[in-house]
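What follows is a set of notes on a single structure, which appears directly below.
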Amino acid sequence: MTIQWKEYADANTWDELITPKGNARIAARGAVRYLGGLSDADLRERRDAAELAMRVMGITFTVYSEEGGIDRTWPFDIIPRIISAREWQQTDAGLKQRVRALNMFIADVYSERRIVKDGIFPRELFRHSVNFREQCMGMRPAFDVWANICGSDLVRDNDGTLYVLEDNLRVPSGVSYMLENRLVMKRVFPELFENYSILPIDGYPTRLFDMLASLSPRPADYPTIVVLTPGIYNSAYFEHSYLAQQMGVELATGRDLVVLEDDCVYLRTVGGLERVDVIYRRVDDLFLDPEAFRPDSKLGVRGLMRAWRKGNVGIANAPGAGVADDKVVYAFVPDMISYYLGEEAILPNVPTYLCTDKKQRGYVLANLDKLVVKPANESGGYGMMVGPAASKKEHQRFAELIKKDPRNYIAQPTLSLSTTPTLCDGAVEPRHVDLRPFILSGESSHVTRGGLTRVALRKGSLVVNSSQGGGSKDTWIVDTGDM
Amino acid sequence: MLLSSVAEHVYWMARYVERAENTARIILVNNNLLLDMPRSIELGWEPLVAITGNAELFREHYDEASERNVIRFLVSDVRNSNCIINSLAQARENLRTTRAILPRAVWETLNDLYAYASDNKTSGMSRRGRYAFMRRIIDYSQLLAGKLSSTMSHDQTYDFLRMGRNMERADMTTRVIDVRGSNLLPSITEELRPFDDIQWKSVLDSLAGYQMYRRHVHVRVRGREVLRFLLQDTRFPRAVHYCLAEVESCLRCLDSSESPLRALGMAQRVLSRVGVDEIVGDGLTDFLNEFQLVHSELNSQITASYFEVGEEQAELQAASA
């Protein structure tokens, strides 16, 4: 049976490709028409081909088990998520604006703290900031940019508005899957690309390399750049190795690097020690340098912070950048945009209630069954409570948690999250998605065209994380010629 | 640029694959040999344990060197870090971390091989399934070597692969000679005389050298000539002389190779000094012991020169902090 788009349509949620009446949205027309002409067997064949391509290309993520890490194939859906270039232009501008403000905020946090003095951001919120690093005070990284690579999660509500859900400023991952998804699609669905002008995305590794190179303390020479990975047991190891390979730089673990008395970082090679200019680190702050942070860290490099502070090595993202990767700080981003840039935020935040504020806390406690409660500093969907789906007991438990540690919790209304057609057990059904574009910032900034669309493969589920039953899709930014 | 850690992983990956292949081959050969020998002769399986250098560990865990016990110990006993399954697992771990550097197809082949070996180890230990299992291990190792040789740049990284492979081969050849040859050589009883040559043939087979021996040595299989061939031949890839020459050619292409080359020179001198006529007899064991020492010194020098670069400085930094 072929796809019946009229039956697919659902008036209660916003679908990315199909209107409530069952028609294709403009940018999705060609694809919807083509898919509608395929039989179930055709679809299955494409899906199998994609799965095979994934396996052969070795696109995996690592899952922990008792025998150590196991490489799993990344679950991938063959129906692309399609966004018009006109809408994307706005989103692109909004993301750049947002990251600019965030970087100015981080720079301010580690220097004068004007934003506190001017009464925009409450001083006491720093006191319990898990990601604030005293060691970074007074530091000025290249271009005053701290978060060189940002992955912001976007979600779309019922009314079609795209909201920013969070900004990942520490070690955001997923970009390799974005790139590989496109390659797989080109292999298994070449006809779908005909008659479409889809904006290319494969320039990312080059952009990333150029941005990293611009952080080199020795700009005259061809820089030695390394990707610093925690190692093969990290769930994103595939990505670390992929990016190193694509950029043609070295993939290193802490053991490959050493800081000598001259406070420079060196790479241990068979030809001797080689000076390192820039480190794209995929290791969390606290594990970066046992001398400055956790003394028991085996993943880092002793003396790295010294080398960085002296300006002998560039580190991206800068240590301490995570201070703005905090759901309490998130609530202030629109204020930051108007404070630092004198502009209105182009992309809206999801309304956020701060539990530190007495009035807002009162509202949260009274409406736990309607809200999503999130801890301020977790990622990956851990430690949160989805009010409407949680039991009375859970509500009780979170009420206690919030009263005990208000700084650590925020609450947001439950968003419905848009859906997009997804091939599930042989039939095409709506599944909820989010979108993670990546923003590179150095001397200038660059936003990926689209990003990684993550999809909750379980029916009705809103959880898109790969560790919890999520998959991904290719994301198309389509130029419909109406711009 | 080649990271020390990558060089080390690649070197050990090659050694472990070679080790698995060699172990599979000696099992296969012993199997055949036993079928040819008269029942009255107790050759047994114990020598295989001795060849792999794990006799002590074996005795700790097993009461007798029965066929079943030895095969199990050499194929799948996790307590034996050199058993086939463990060797492949370690080769795979070493390759995992260097996936981005070696051709993708190499990773796929090793992955397949490891999966095959762990899925089929039970049948591989049975008498019936043994041949197919060992054959597969050997063939896949060869496939791996072929893919490496034909799809990878013969650069520094490749040199470390070659070094690992040849270090392991030199080691294996001397071990096989040690265990198999020593008890064959001195006083062969009249009873065994007719089987003398098939035992020497099995020594050659254990190192895949029988056919090449016949082509190039032009005398029937005799202890003295076999020894000369396996130790000093310049063209047979498992002859010790050849293996050392390979290591030398790698070292000559690398920087900071003074101390490894010095250690290599020692090994080459030990090898060339030995007159095969003299070592037939008690001299063989002395020679092999001496060679094991210089071989392991060479391994240490390679380790120190290439895998531990900057380690001293790092420790100094850590100590002063």
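The values are calculated or read from the model by the stated rules, or taken from the named source; none is laboratory data. Computed from a predicted structure; not experimentally measured. Here the Cβ positions follow ideal geometry from the backbone for every residue, glycine too, while neighbour counts run over all protein chains shown. Ligands, DNA and RNA are stripped out before the accessible areas are found, and what is left, the full protein with its side chains, is counted by its heavy atoms. Shrake-Rupley method; radii C 1.70, N 1.55, O 1.52, S 1.80 Å.
A few remarks follow.
- Here A:LYS21 is the anchor, and the aspartates and glutamates within straight C-alpha reach of less than 17 Å, apart from those fewer than 8 places off in the same chain, are A:GLU7, A:ASP10, A:ASP159, A:GLU429.
- List of region A:248-265 residues, accessible area with partners at least 50 Å² below that of the chain alone (1.4 Å probe): A:GLU250
- Here the accessible area is traced with a 1.4 Å probe on the protein chains. For chain A, carbon and sulfur cover 49 percent of it.
- Distance between the 7 Å Cα→Cβ label points at A:HIS128 and A:GLN468: 2.2 nm.
- Förster-model FRET efficiency, 51 Å R0, A:PHE193 and B:ASP139, C-beta, rounded to 0.05: 0.80
- Per residue, region B:1-130 exposes an accessible area of 43 Å² to a 1.4 Å probe, with every protein chain left in place.
- Rounded percent of accessible protein surface that carbon and sulfur make up, region B:153-308, 1.4 Å probe: 46 percent
- Label point distance in nm, B:ILE198-B:TYR116, each placed 7 Å from Cα along Cα→Cβ: 2.9 nm
- The Rg/Rh ratio for chain A, using Cα coordinates for both the radius of gyration and the Kirkwood hydrodynamic radius, is 0.97.
- Chain A, accessible area per residue, ligands and nucleic acids excluded (1.4 Å, Å²): 41 Å²
- Measuring with a 1.4 angstrom probe and ignoring ligands and nucleic acids, A:HIS395 comes out at about 30 Å² accessible.
- Extension gain for the segment A:TYR382 to A:ASP48, taken as residue separation times 0.36 nm less the Cα-Cα distance, is 117.0 nm to one decimal.
- Over chain A: helical MRE at 222 nm, DSSP H runs n ≥ 4 each giving -39500 (n - 2.57), nearest 500: -8000 deg cm²/dmol
- The 1.4 Å probe gives accessible areas that order B:GLU64, A:GLU180, largest first, as B:GLU64, A:GLU180.
- Distance between the modelled labels on B:SER256 and A:PHE143, one decimal in nanometres: 3.5 nm (7 Å Cα→Cβ projection).
- Sites matching trypsin sites (Lys or Arg not before Pro) across region B:76-109 that sit in DSSP coil, with at most 14 neighbouring C-beta atoms within 10 Å: B:ARG79
- Average projected area [Cα convex hull, region B:153-308], square nanometres: 9.3 nm²
- Gained length - A:ASP159 relative to A:THR206, 0.36 nm times residue gap less alpha-carbon distance: 13.2 nm
- For chain A, relative contact order (Cα pairs under 8 Å, six or more residues apart, normalised by length) works out to 23 percent.
- Estimated buried accessible area (total), pair B and A, 1.4 Å, Å² to nearest 100: 2400 Å²
- Contour minus Cα-Cα distance for A:GLU429 and A:SER461 (0.36 nm per residue): 10.2 nm
- Taking trypsin sites (Lys or Arg not before Pro) across region A:71-141, the ones in a DSSP loop with at most 16 further Cβ atoms lying within 10 angstrom of their Cβ are A:ARG113, A:ARG123.
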